[in-house]
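Structure first, then comments.
Quick note: the coordinates plus some simple rules give every number you see, no bench work behind them. Bear in mind that the values here come from a model prediction, so they are computed numbers and not experimental data. With ideal geometry, Cβ positions are generated from the backbone for all residues, glycine too; neighbour counts draw on all protein chains shown.
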Amino acid sequence: MLEIRNLTKIYDDGTVALHNVSFTVPDGEFLVVIGLSGSGKSTLLRCINRLIDPTEGQILWDGVDITALQGDDLRRMRRKIGMVFQQFNLVKRSTVMTNVMAGRLGYAPTWRSITNQFDEADRKRAQSALKRMGITDQANKRADELSGGQQQRVGIARTLMQEPKLILADEPVASLDPVLAHSILQHLESLNREDGITIVCSLHYLDLVQRYSTSVIGLRDGQVVYQGNKKQILRMTDAEFKSIYGEEAERMGGISGDLAADDEDSAGEEATE
Amino acid sequence: MSEKVQTVEEKPSLVPPVLAGLLSLVVPGLGHMLARQFRKGLVLLLVFLSAAGLWIWRVSDAARREVGFTAMFKKAIQLQPILLIILVVLVLLYLLIAYDAYKTAAKAKSNSFLLWVFVLASFFILGWQIGEIRPDVLVRDGKNSLPLLMRVLWPWEKALYYPEELLIGSADVVIPCTENAEVPPRVVEEGDPYVTVTPNCGDLSEIAGAEGTKLRMVGSNFAPNDETEIWWVDQVRNEFRYRYGGEYVKIVTDENGSFEMDVIIPYRVIPTTGGKGYAVWQVEARQVASVGEPVLSEELKLSVEKMIETIFLGMMSTVFGVILSIPVSFIASRNLMSANWLTKTIYMVVRTILNIIRSIESLVWAVIAIIAVGLGPFAGILALTVHSIAALGKLYSEAIESIDHGPVEAIQATGANWLQTVWYAVIPQIVPPFVSFTIYRWDINVRMSTVIGMVGGGGIGYLLIQWIRLLDYRSAGIAIWFIAFTVAILDYVSSEIRNRFV
Ligand SMILES: Nc1ncnc2c1ncn2[C@@H]1O[C@H](COP(=O)(O)OP(=O)(O)OP(=O)(O)O)[C@@H](O)[C@H]1O
Ligand SMILES: [Mg+2]
């Protein structure tokens, strides 16, 4: 279980990106974080694996306070938390295989890893991760030769190498077209359902949120302004919507799950299924 | 923004226009300052003062020996009329400043274009005078240097050396003719050159008087069709070359290596005959003849040796520079060193040191290195290495700073440690710029190593500067050809490598 307690992040320039944020994520959840640009979604996700050090508050994961970890303890914790990025963040000039193997660095001894001597088990793991993401034939291409959707799959394959218990996905589909967006989210969904990996994911499109999340947190100006489970999201009211996205915000497309099927995005979903 | 400009323009001048103009005649720029154009006025004042100061300096420099300003001025103008032109421009500038002040104070839509043209013109002409620029000299003396230039451009006569031998045949002449002269008989080996004279005795010429005895000189066994000099050796073994009618006498041998000519016993100031009453002189035919096949000249060999030294000098300093600058570049990149105040301080200190080292030219470093380790290629390698570390350290660290941080975060997020993160996320991103900067530096280092020898840092530059000083333009030309050739090859190779790797 992931428990965020009174988390506050103030950047060096004084920007309050998160203010007193508290919520819990039970294991096996597909939690989606929504909110306007600048509301603090990325900051929240990065605090969880300590790419950013929070200013105040605690993050408890199975009872361990992540915010207090240092050095090797921090790295051991990180290797159990995968992260997927909007810009994929692959090493572009390296091969797909190398990018995927990099997911194993937290486990491999330093010297062996930088001389590229991963053991047989790791190589098998990489093969199966590639296979699962359907990119086995791309293994020896350079990462920047792949399409966006393929790159994101490499990104997920990289996190799979970590054998994570938690995956943080920061707008994983924001740079992809709707068809690919669904395909990527379905991969995450399958990791969530079949492997029981907890997912914390930020998303922009409400219909995607309604389709994939099992619970939702709404952030606005660094504060939690909405919390809901699967059922509640499908019946999100205008008032709740405006509390997250502001008074001027107009809801477009589907309001509820059944309407979402009419969306452009959902059309893509059908195409991939 | 436009409003602000307007309010500035609306403020009235502190003095009436005419006064502004007059004040500018007293102190150039003062009018502008009082017309609320303080900065323009200050700039004009500084510009005018420095231009006038430079002019005065140049006048007193041109007429150093004169005393008193008028005398100096007259002399300077006479020597360098350009100083008068500068004066005229300065006076016009002075008047223009006053006129512009008047216009500015009167709020007339004044166009200061002409004013700035005069400012630039005055400095341009001053620069012309200070730089002692004289195209006429270039044209006049340039023509004279053309033959020298030709030697540099086509120096290959010096590339081959024809082994030479001095052939001498000599015969004794007794002065004056006596019966009892003791002349040891000559032994001439078979095939050696020899000369005979008939008669083998006679009288010296007199100063501006009667000619001495005419002798028939016959030579054999010399190199065929080659120039031969005639020399006299007197009884105390003073040697002097034979002249006739003021000209040195030369004769060319026939196809058999023989010649025949008349010589007249020359005149000598003090014909000491010693106690014996006669002297024995020799008349010699001397020939510098090439023997055997031509061989590569010493200069060519030296050039090749030194060129190889030069290339290795550039290579070694690049290798050392790269090896040492890589770690330096990591601690000189902001993004890797922003963790805490200590690393930030290290970053600042390293960057500053790199900037200082880089601002000192390699040639100066060479001089310093020579003091430390003495003349020779090692000093050159040290100098170029030091400069390479600073230059590459900066370029590399900038490459590191401009990497995409995303992959770095992604690798960090997998639980990788610092070294793994650098190896997997940083290195792959910096290889292409590093390769390209390294080649670029290699290029610079080889070029630099061709001149670093001029101050004694080893390599071909040392030969070049020596030959130039000895006015041996052909040898210098050979060195220049080698440098040009090497640099051209290097250009080609480095662009090829760049295309492959980057
Ligand atoms: N390194 C930083 N230094 C200072 N301020 C930052 C930094 N990173 C983010 N911020 C600020 O913190 C706030 C939250 O940013 P954050 O990136 O977490 O928002 P977000 O919800 O992820 O936005 P987006 O949807 O655009 O990605 C914003 O106001 C942002 O300007
Ligand atoms: Mg974000």
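Using a Gaussian network model of chain A whose springs link C-alpha atoms within less than 10 Å, name the residue from A:THR15, A:THR95, A:THR198 with the highest mean-square fluctuation.
Highest fluctuation of the listed residues: A:THR15.
With a 10 Å radius around each residue's Cβ, average the other Cβ atoms per peptide and rank B:471-479, B:128-136, B:224-232, highest first. Intermediate values should be presented prior to the final figure.
On the way: B:471-479: 22.3, B:128-136: 11.2, B:224-232: 16.8.
Packing order, densest peptide first, comes out as B:471-479, B:224-232, B:128-136.
Which of A:ILE156, B:ILE403 comes first, and how do the rest follow, when ranked by fewest Cβ neighbours within 10 Å?
Working: A:ILE156 24, B:ILE403 19.
So the residues, fewest neighbours to most, are B:ILE403, A:ILE156.
Per residue of A:154-161, how many C-beta atoms from partner chains lie within 10 Å of its own C-beta, taken as a mean? Walk me through the intermediate numbers first.
Details: counts 0, 1, 0, 0, 4, 3, 0, 1.
Partner Cβ neighbours, averaged per residue: 1.
What translational diffusion coefficient, to the nearest whole µm²/s, does region B:164-291 have by Stokes-Einstein, given a Kirkwood radius computed over alpha-carbon pairs, a temperature of 4 °C and 1.567 mPa s viscosity?
Working: Rh = 15.1 Å.
So the translational diffusion coefficient is about 86 µm²/s.
In which sequence would A:ARG5, B:ARG186, B:ARG268 go, from the one with the fewest C-beta neighbours within 10 Å to the one with the most? Before the final figure, lay out the partial values.
Numbers: A:ARG5 16, B:ARG186 13, B:ARG268 19.
Fewest-to-most Cβ neighbours within 10 Å comes out as B:ARG186, A:ARG5, B:ARG268.
Pull up the DSSP beta bridges for the protein assembly as shown and report the antiparallel fraction as a percent, rounded to 5. Write down the numbers at each step before the final one.
Details: 58 of 77 bridges.
If I count the DSSP bridges inside the protein assembly as shown, around 75 percent turn out antiparallel.
How many nm is it between the label spots at A:ASP62 and B:VAL319, if each spot is 7 Å from the Cα in line with the beta carbon?
With each label placed 7 Å out from Cα toward Cβ, I get 5.2 nm.
Just tell me how shielded A:84-90 is by partners: mean number of partner chain Cβ atoms within 10 Å of each residue's Cβ, no decimals.
Details: counts 2, 5, 1, 4, 3, 10, 5.
Mean partner-chain Cβ count within 10 Å for A:84-90: 4.
How would you rank A:167-175, B:213-221, A:68-76, highest first, on the average number of other Cβ atoms within 10 Å across their residues? Could the numbers behind the result be given before it?
On the way: A:167-175: 22.4, B:213-221: 18.3, A:68-76: 12.6.
Descending mean neighbour count gives A:167-175, B:213-221, A:68-76.
Measure off 7 Å from each Cα along the Cα-to-Cβ vector at B:ILE356 and A:ARG123, then give the distance between these two points in nanometres to one decimal.
Simple spin-label model gives 5.3 nm for this pair.
Using the per-residue mean of other Cβ atoms lying within 10 Å as a proxy for protection, in what order, highest first, do the peptides A:219-227, B:72-80 fall?
Values: A:219-227: 18.2, B:72-80: 16.6.
Packing order, densest peptide first, comes out as A:219-227, B:72-80.
Based on the alpha-carbon gyration tensor of region B:220-302, what equivalent-ellipsoid semi-axes (square roots of 5 times the eigenvalues) come out, in whole Å, largest first? Don't skip to the answer; put the middle values down first.
On the way: eigenvalues 207, 59, 30 Å².
Three semi-axes, in Å: 32, 17, 12.
Can you quote the Å³ per residue value for the convex hull of the Cα atoms in region A:93-156, rounded to an integer?
On the way: hull volume 5.0 nm³, N = 64.
Expressed per residue, the convex hull around the Cα atoms of region A:93-156 is 79 Å³.
Could you work out the helix-only [θ] at 222 nm for chain B, with each DSSP H run of four or more residues adding -39,500 (n - 2.57) and the total divided by the number of residues, to the nearest 500 deg cm²/dmol? Each step should come with its number before you reach the end.
Details: 18 runs with 288 residues, N = 502.
Mean residue ellipticity, 222 nm, calculated: -19000 deg cm²/dmol.
What translational diffusion coefficient, to the nearest whole µm²/s, does region B:35-82 have by Stokes-Einstein, given a Kirkwood radius computed over alpha-carbon pairs, a temperature of 20 °C and 1.002 mPa s viscosity?
Values: Rh = 12.1 Å.
Using the Kirkwood radius from Cα pairs, D works out to 177 µm²/s.
Using only Cα atoms, what Kirkwood radius does region B:298-501 have, in angstroms? Each step should come with its number before you reach the end.
Values: mean 1/r = 0.0544 Å⁻¹.
Kirkwood radius, region B:298-501: 18.4 Å.
Can you give me the pair-distance distribution of region B:17-133, C-alpha pairs, 10 Å bins, whole percents?
15, 41, 27, 15, 2
Where the Cα atoms of chain A are projected onto their three principal axes, how long is each span, largest first, in whole Å?
The Cα atoms of chain A stretch 56, 45, 33 Å along their principal axes.
Ignore the peptide's own chain and count Cβ atoms of other chains within 10 Å of each Cβ in A:102-108; give me the average, rounded.
Averaged over the peptide's residues, the number is 6.
What does the charge add up to near B:TRP423, with Lys and Arg as +1, Asp and Glu as -1, over the other residues with Cβ less than 14 Å from its Cβ? All intermediate terms of the calculation are to be shown ahead of the outcome.
Numbers: positive: A:ARG93, A:ARG104, A:ARG112; negative: none.
Value of the local net charge: +3.
Round to a whole angstrom and tell me the spacing of the C-alpha centers of region B:182-202 and region B:341-356.
Here the two parts' Cα centres lie 86 Å apart.
Quick check: net charge around A:SER113, other residues with Cβ under 10 Å of its Cβ, Lys/Arg +1 and Asp/Glu -1? Mind showing how you got there, number by number?
Working: positive: A:ARG104, A:ARG112; negative: A:ASP122.
Residues close to A:SER113 contribute a combined charge of +1.
Can you flag which of A:LYS131/A:LYS165; A:LYS165/A:LYS242; B:LYS40/B:LYS344 are past 32 Å Cα-Cα?
On the way: A:LYS131/A:LYS165 20 Å; A:LYS165/A:LYS242 34 Å; B:LYS40/B:LYS344 41 Å.
Check vs 32 Å cut-off fails for A:LYS165/A:LYS242; B:LYS40/B:LYS344.
Mind computing the radius of gyration and Dmax over the alpha-carbon atoms of region B:441-502? Å is fine for both.
Expressed in Å, the Cα Rg and Dmax of region B:441-502 come to 13.7, 46.
What three numbers, in Å, describe the spread of the alpha carbons of the protein assembly as shown along their principal axes, ordered from the longest?
Between the extreme Cα coordinates on each principal axis of the protein assembly as shown lie 148, 90, 46 Å.
Given that compact globular proteins tend to follow 2.2 N^0.38 Å, what is the ratio of the alpha-carbon Rg of chain B to that value?
Working: Rg = 39.1 Å, N = 502, 2.2 N^0.38 = 23.4 Å.
It is 1.67.
Using bins 10 angstrom wide from zero, how does P(r) for region B:126-196 break down, in % of all Cα pairs?
Histogramming region B:126-196 at 10 Å steps yields 13, 19, 15, 12, 14, 13, 9, 4, 0 percent.
Going by a 4.7 Å Cβ-Cβ cut-off, which cysteines of the protein assembly as shown have no partner at all?
Within the protein assembly as shown, the cysteines lacking a partner Cβ under 4.7 Å are A:CYS47, A:CYS201.
Mind checking Rg over Rh on region B:385-502, alpha carbons, Kirkwood formula for Rh?
Details: Rg = 20.5 Å, Rh = 17.0 Å.
Ratio of gyration radius to Kirkwood radius for region B:385-502: 1.21.
Return P(r) of region A:48-113 (all Cα-Cα pairs; 5 Å bins starting at 0; whole %; ordered from short to long distances).
It works out to 3, 14, 21, 22, 17, 13, 7, 2, in whole percents.
At what distance in angstrom do the alpha carbon centres of region A:33-58 and region B:237-262 lie from each other?
Rounded to whole Å, the Cα centres lie 105 Å apart.
Quick check on chain A: helices-only [θ] at 222 nm, where DSSP H runs of length 4 and up contribute -39,500 (n - 2.57) each and the sum goes over total residues. Nearest 500, please. Can you show the working numbers first?
Details: 12 runs with 104 residues, N = 273.
Mean residue ellipticity at 222 nm (helix-derived): -10500 deg cm²/dmol.
Note down the net charge around B:LYS394, summing +1 for each Lys or Arg and -1 for each Asp or Glu among other residues with Cβ under 10 Å from its Cβ.
On the way: positive: B:ARG351, B:ARG358; negative: B:GLU398.
Net local charge, B:LYS394 excluded: +1.
For B:MET348, B:MET316, what ranking results if the residue with the fewest other Cβ atoms within 10 Å of its Cβ goes first? Working shown, then result.
Numbers: B:MET348 13, B:MET316 18.
So the residues, fewest neighbours to most, are B:MET348, B:MET316.
Straight-line reach from B:LYS75: which lysines have Cα under 17 Å away, leaving out those fewer than 8 places along the same chain?
Straight-line reach from B:LYS75, under 17 Å: no lysines qualify.
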